[in-house]
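Here is the structure we will look at, set down as structure tokens.
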Amino acid sequence: VEEMWSEALAILRTVKRPQLLSLIKAFVTDETLVAAFKRAPAAVQNHHAFVGGLLEHTLSVLRLATHVLGKSDDSDSHYPRLSRDLVLTGVFLHDIGKTLELTYDTNFTYTNSGQLVGHIAQAAVLIDRKIADVEQQGGKAFPEDLQNVVTHIVLSHHGTYAFGSPRLPACPEAIFVHYLDNIDAKLNMAFTAIDDAKNAESDWTEWVKPLETRIFKKDVSGSKRE
């Protein structure tokens, strides 16, 4: 967990816009929140459903983003028109509300606020609070449009109204974060189904409800999938 956290911090330190760096700092210096972020699962059962799963998932999506957008700046980005700073900030914060949504001391379930409000709305509230802290400490107003876009990335990251997003992705960075998040979550579901398959003789896993299919687990390419 500590190695993953250190790697995540190293990636986040490459953000160049001062306001976004200040916002990230407001989160990563919140000791209570960071302790929860390191322990929380990413979900109750669908993907990365284990202690530390939220951090593992977030780091995985941060890595994906840097593979596409470059390790430290936009010079080797596949999509140079995307804001690398906004993407990394959005990835870090997209599931931050799960530190409040889920409880995991004895078993994985939802807190009352998680059931009533949900992690997407909770994250938006956290962003508002941390930006207020940044403004108070720095004595300067946080750019309104910048705050709106960061919040929009979080609000839209599930991609559809049916999956709980109150907004659909409406800027390039939000579209990008949504699909990176979706790739990592769904591949984790697929690999978990392969790892947990009960019938070793079958080429197929059991039914994976979120993916609405069974997964073909036979290694036909020598990739050591199983």
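The values are calculated or read from the model by the stated rules, or taken from the named source; none is laboratory data. Predicted model only: the values in this text are computed from it and were never measured. Note that we place each Cβ from the backbone using ideal geometry, even for glycine, and neighbour counts take in every protein chain shown. Each accessible area value is taken on the protein alone, full model and side chains, heavy atoms only, with ligands, DNA and RNA left out. Shrake-Rupley method; radii C 1.70, N 1.55, O 1.52, S 1.80 Å.
Brief remarks follow.
- Asp181 falls short on exactly one of the conditions (1) acidic (Asp, Glu); (2) buried (at least 19 other Cβ atoms within 10 Å of the Cβ); (3) more than 25 Å from the chain's Cα centre (by Cα), and that condition is (3).
- Restricting the first member to segment 140-158 and to residues that are among the hydroxyl-bearing types (Ser, Thr, Tyr), and the second to residues that are in a loop (DSSP other than H, G, I, E, B), the beta-carbon pairs closer than 6 Å and six or more apart or on different chains are Ser156/Ser165; Ser156/Arg167; Ser156/Leu168; Ser156/Pro169.
- Some residue of segment 26-36 being buried (at least 21 other Cβ atoms within 10 Å of the Cβ) and among the hydrophobic types (A, V, I, L, M, F, W, C): no
- Residues being more than 19 Å from Asp30 (Cα to Cα), of a type in the set (A, V, I, L, M) and more than 17 Å from the chain's Cα centre (by Cα) - total across segment 104-158: 4
- Filtered by the rule that a residue be charged (D, E, K, R) and either buried (at least 18 other Cβ atoms within 10 Å of the Cβ) or under 15 Å from the mean Cα position of the chain (by Cα) (or both), segment 54-90 gives Glu56, Arg63, Arg84, Asp85.
- Of the residues in segment 91-106, at least one is open to solvent by 70 Å² or more (accessible area, probe 1.4 Å), within 26 Å of Asp128 (Cα to Cα) and either among the small types (Gly, Ala, Ser) or assigned to a helix (DSSP H, G or I) (or both).
- Matching entry among Glu206, Glu201 (being among the acidic types (Asp, Glu), surrounded by fewer than 20 Cβ atoms within 10 Å (Cβ to Cβ) and in a loop (DSSP other than H, G, I, E, B)): Glu201
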